[in-house]
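The block underneath contains the structure these notes are about, expressed in structure tokens.
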Amino acid sequence: QVQLVESGGGLVQAGGSLRLSCAASGSIKTIRTMGWYRQAPGKQRELVAAITSGGGTNNADSVKGRFTISRDNAKNTIYLQMNSLKPEDTAVYYCNADLTYYSRGYYGTNVYWGQGTQVTVSS
């Protein structure tokens, strides 16, 4: 069983900062890419930022220069430092992990999602 647990969301004024965390736990062999996605009401889920096990990153144009994704491989945890927040950043933020797990003597691969954490930016 693999779980992703997010934390750090909340309410902040425009221009403020928040830091999200996502910890993966369970029968994990290796984690390749981890990332943050977000979904605003009435909109499709979109990639915010992703990071590989080697530290390579990919950020959405809308957050470049404001958000920074980082990773602690020893803790199977990623972070999203969000600065200069804007009202349009308001959404539920989901953590995602592409990993290999171990179960009943076998290895398998799957993509897991966290339960989401609400980020609200007031104007």
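The values are calculated or read from the model by the stated rules, or taken from the named source; none is laboratory data. On a predicted model such as this, the values are computed, not experimentally measured, just so you know. Neighbour counts run over all protein chains shown; Cβ positions are idealised from the backbone, glycine included. SASA here: full protein model, heavy atoms, side chains in, ligands and nucleic acids out. Shrake-Rupley method; radii C 1.70, N 1.55, O 1.52, S 1.80 Å.
Among the residues of the stretch 11-22, the ones that are more than 15 Å from the chain's Cα centre (by Cα), in a strand (DSSP E or B) and surrounded by fewer than 17 Cβ atoms within 10 Å (Cβ to Cβ) come to 2 in all. Looking only at the stretch 39-55, residues that are at negative phi and in contact with a Ser or Thr (Cβ under 9 Å, 6 or more places away or on another chain) come to 9 in all.
Taking each residue of the stretch 109-123 that is touching a residue at least 40 places away in the same chain (Cβ under 8 Å) and looking for partners that are open to solvent by less than 50 Å² (accessible area, probe 1.4 Å) and not in a strand (DSSP E or B) with beta-carbon atoms closer than 6 Å, six or more apart or interchain, yields Thr117/Gly9; Gln118/Gly9; Val119/Gly9; Thr120/Thr90; Val121/Leu85; Val121/Asp89; Val121/Thr90. Here Arg45, Arg71 are screened, and the one residue that is of a type in the set (Lys, Arg), open to solvent by less than 60 Å² (accessible area, probe 1.4 Å) and in contact with a strand residue (DSSP E or B) (Cβ under 9 Å, 6 or more places away or on another chain) is Arg71.
Only one residue in Val121, Val63, Val92 is touching a helix residue (DSSP H, G or I) at 6+ places or on another chain (Cβ under 6 Å) and open to solvent by less than 60 Å² (accessible area, probe 1.4 Å), so which one is that?
Criteria check complete, one pass: Val121.
Just to be sure before I move on: is Asn96 free of Cβ contacts under 8 Å to residues at least 60 places away in the same chain and not acidic (Asp, Glu) in the structure I sent?
Working: free of Cβ contacts under 8 Å to residues at least 60 places away in the same chain: no; not acidic (Asp, Glu): yes.
Criteria not met by Asn96.
Based on what the data block shows, is Ser53 of a type in the set (S, T, N, Q) and either open to solvent by 60 Å² or more (accessible area, probe 1.4 Å) or under 21 Å from Gly10 (Cα atoms) (or both)?
For Ser53, the condition - of a type in the set (S, T, N, Q) and either open to solvent by 60 Å² or more (accessible area, probe 1.4 Å) or under 21 Å from Gly10 (Cα atoms) (or both) - is met.
Does Ser25 satisfy the condition of being modelled with pLDDT under 95 and either surrounded by 15 or more Cβ atoms within 10 Å (Cβ to Cβ) or not charged (D, E, K, R) (or both)? For Ser25, the condition - modelled with pLDDT under 95 and either surrounded by 15 or more Cβ atoms within 10 Å (Cβ to Cβ) or not charged (D, E, K, R) (or both) - is not met. Of all residues in the stretch 97-118, those satisfying the criterion of being under 14 Å from Thr30 (Cα atoms), open to solvent by less than 40 Å² (accessible area, probe 1.4 Å) and not β-branched (Val, Ile, Thr) are Ala97, Leu99, Gly108.
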